[in-house]
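What follows draws every value from the coordinates through simple rules; no lab data is involved. Computed from a predicted structure; not experimentally measured. Positions of Cβ are generated from backbone atoms using ideal geometry, with glycine treated the same way; all protein chains shown enter the neighbour counts.
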Amino acid sequence: MLRDDFIVSEFQRPHTKFLHGHKIVVSKQKYQANLFYRTGVEVNGDIERNLGGQPVAKIMAEHHLKAHDVVAASREQITHKMVARAVKGRRLTPHVKVKILGAVNEATGMKYAMNDLFNY
C-alpha cells in the first residue's frame, strides 16, 4: 500500500513513475506543492522574470565593455547569454549573479558589490 503523501524529489516533473513495482502518477499539484515547500515561491506563474534594465548595463556602458569583454575577463566559465540576460534584466540564479559580479569586477578593475549590479 502506498502512502498518498508521496514526496516528489526536486528533479522530478509531473509524470508516471514506478516505485517498488507500483505505478504512481506524480500530479502537477503535488509537484507544485513540493516546490512551494522547498522554495517558498508559488509556482503558478506569479514570479516576475523580466525585471527591466539593470545597473550592470550602465556600468558596462561607462567602461565601454561589451558582453564578449566580460566573458573574456572572467576566471569562471560564463557565457555571452548569461551576460546578455543580466543586462536585459532577466531573473538570474544567485550562482550566476556571483559569476557575473566576478567577471565585471575583473573586466573593469573595480570592486563592485552585488547591489551595484543588480536591483533585485
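Results, tabulated for the structure shown:
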| item | result |
| --- | --- |
| Per-peptide average of other Cβ atoms within 10 Å, ordering 103-109, 73-79 highest first | 103-109, 73-79 |
| Cβ-derived FRET efficiency at R0 25 Å, Lys66 paired with Thr93, nearest 0.05 | 0.60 |
| Calculated from backbone phi, Karplus (6.51, -1.76, 1.60) coupling profile of the stretch 60-67 in Hz, x at Gly/Pro | 5, 5, 4, 9, 6, 9, 10, 4 |
| Computed Kirkwood radius, in angstrom, where 1/r is averaged over Cα pairs of the stretch 55-117 | 11.2 Å |
